[in-house]
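Asker: Pasting a structure below so you can have a look.
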Amino acid sequence: MIGHIDYINLLPFYLFLKKNYNNYTTKKSYPSKINKMFEKKIVDAGFISSIKSKNRKCFDAGIIAKKRVLSVLICEGKNKEDFESNTSNILAKILNLSGEIIIGDKALKRYKEKKCKDLSTLWYQKTELPFVFARFCVNKNEKFFKKMITQFLNEKIFIPNYILKKYEKKTGIPKKEIKNYLNFIFYQIGYKEKKSLHLFFKLSKKIK
């Protein structure tokens with residue numbers, strides 16, 4: 001079973017699964033819940049929040065953004081962590097920011113607000129590096145999942161119009177904005193992404 005983060009940023013991956021591994025089951029939830037299911041080995045694999053992926057068996061695939069992500073924000077107001085998040089809550093502390101943290105599809109509805117700032121942008125301004133929000137990690141069946149994720153990284157995913165309409169209805173986000181948002185997301189972890197992860201892990205140690 002694969003942990004399924006039910007956000008638009010992984011829509012290409014789940015379309016890939018449906019096309020190529022339709023017999024493999026998934027379990028939907030938000031990132032922090034998927035992390036717990038992974039730790040308890042309820043799921044065999046999945047995209048795990050970066051902060052929870054350290055010392056796990058992970059491949060060079062993740063949820064990554066350079067300069068902007070649109071779906072991870074900190075907005076003016078009372079300090080409030082997003083219970084759906086693990087990594088973004090830590091990232092805000094590393095950047096010494098205060099306010100309300102908002103992630104996922106609900107953040108996509110607010111990224112144009114002047115009172116909200118993009119955490120990926122702020123990380124890039126500090127480091128000139130992309131930010132890795134999650135990594136694909138496994139509990140078992142390593143060879144099987146390595147083949148799967150390698151195939152995903154090398155396959156161009158087409159998103160049909162009817163799927164965009166479905167997500168537009170589900171989230172209230174116009175399909176044009178969904179397509180635009182996915183241009184900010186990529187999945188291949190290379191040299192700069194590994195450097196960014198190393199720095200993030202190093203700085204997170206200083207956070208109480």
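Taken together, the values in this text are just the output of simple stated rules run on the coordinates, not laboratory data. All values reported here derive from a predicted model rather than from experimental measurement. Positions of Cβ are generated from backbone atoms using ideal geometry, with glycine treated the same way; all protein chains shown enter the neighbour counts.
Asker: Just to be sure I understand, how many residues within segment 36-61 are touching a helix residue (DSSP H, G or I) at 6+ places or on another chain (Cβ under 6 Å) and either closer than 21 Å to ASN154 by Cα or in contact (Cβ under 8 Å) with a residue 60 or more places away in the chain (or both)? First the steps, then the outcome.
Answerer: Of segment 36-61, the ones touching a helix residue (DSSP H, G or I) at 6+ places or on another chain (Cβ under 6 Å) are 43, 45-46, 48-52, 54, 59, 61.
Applying the additional criterion that residues be either closer than 21 Å to ASN154 by Cα or in contact (Cβ under 8 Å) with a residue 60 or more places away in the chain (or both) yields 43, 45-46, 48-51, 54, 59, 61.
Summing the residues that are touching a helix residue (DSSP H, G or I) at 6+ places or on another chain (Cβ under 6 Å) and either closer than 21 Å to ASN154 by Cα or in contact (Cβ under 8 Å) with a residue 60 or more places away in the chain (or both) in segment 36-61 gives 10.
Asker: If you go through segment 170-208, how many residues are within 18 Å of ASP60 (Cα to Cα) and outside any loop (DSSP other than H, G, I, E, B)?
Answerer: Residues flagged as within 18 Å of ASP60 (Cα to Cα) and outside any loop (DSSP other than H, G, I, E, B) within segment 170-208 amount to 15.
Asker: Moving on to the next point. Which pairs do you get when a residue that is farther than 22 Å from VAL132 by Cα, found in segment 1-29, comes within reach of a residue that is of a type in the set (A, V, I, L, M, F, W, C) and assigned to a strand (DSSP E or B), reach meaning Cβ atoms under 8 angstrom, with the pair 6+ apart or on two chains?
Answerer: If the second residue must be of a type in the set (A, V, I, L, M, F, W, C) and assigned to a strand (DSSP E or B), the pairs left are TYR24/ILE2; THR25/ILE2; THR26/ILE2; LYS27/ILE2.
Asker: Hey, can you tell me all the residues within segment 123-139 that are out of contact with any strand residue (DSSP E or B) (no Cβ under 8 Å at 6 or more places or on another chain), touching a residue at least 12 places away in the same chain (Cβ under 8 Å) and not β-branched (Val, Ile, Thr)?
Answerer: LYS126, LEU129
Asker: Would you point out the residue of segment 18-35, among those that are part of a loop (DSSP other than H, G, I, E, B) and of a type outside the set (Phe, Trp, Tyr), that is nearest to PHE152 (Cα to Cα)?
Answerer: Checked segment 18-35; the qualifying residue nearest to PHE152 (Cα to Cα) is ASN22.
Asker: Let me ask something else. Select from segment 50-61 the residues that are within 16 Å of ASN139 (Cα to Cα) and either out of contact with any strand residue (DSSP E or B) (no Cβ under 7 Å at 6 or more places or on another chain) or assigned to a strand (DSSP E or B) (or both) and list them in ascending order. Explain how you work it out, then say what you get.
Answerer: Restricting attention to segment 50-61, the residues satisfying the condition of being within 16 Å of ASN139 (Cα to Cα) are 50, 52-61.
If the condition is that a residue be within 16 Å of ASN139 (Cα to Cα) and either out of contact with any strand residue (DSSP E or B) (no Cβ under 7 Å at 6 or more places or on another chain) or assigned to a strand (DSSP E or B) (or both), then LYS52, LYS54, ASN55, LYS57, CYS58, PHE59, ASP60, ALA61 are the ones that fit.
Asker: Something else about it: Within segment 90-113, count every residue that is part of a helix (DSSP H, G or I), surrounded by fewer than 20 Cβ atoms within 10 Å (Cβ to Cβ) and free of Cβ contacts under 8 Å to residues at least 40 places away in the same chain.
Answerer: Qualifying residue count for the region: 1.
Asker: Right, next: Pick from segment 30-66 the residues that are in contact with a Lys or Arg (Cβ under 9 Å, 6 or more places away or on another chain) and among the hydroxyl-bearing types (Ser, Thr, Tyr): which of them is farthest from LYS194 (Cα to Cα)?
Answerer: So the residue we want is SER32.
Asker: Same structure, new question: For segment 180-193, which positions are exposed (fewer than 13 other Cβ atoms within 10 Å of the Cβ) and not polar (S, T, N, Q)?
Answerer: Once the filter is applied, which keeps residues that are exposed (fewer than 13 other Cβ atoms within 10 Å of the Cβ) and not polar (S, T, N, Q), segment 180-193 yields GLY190, TYR191.
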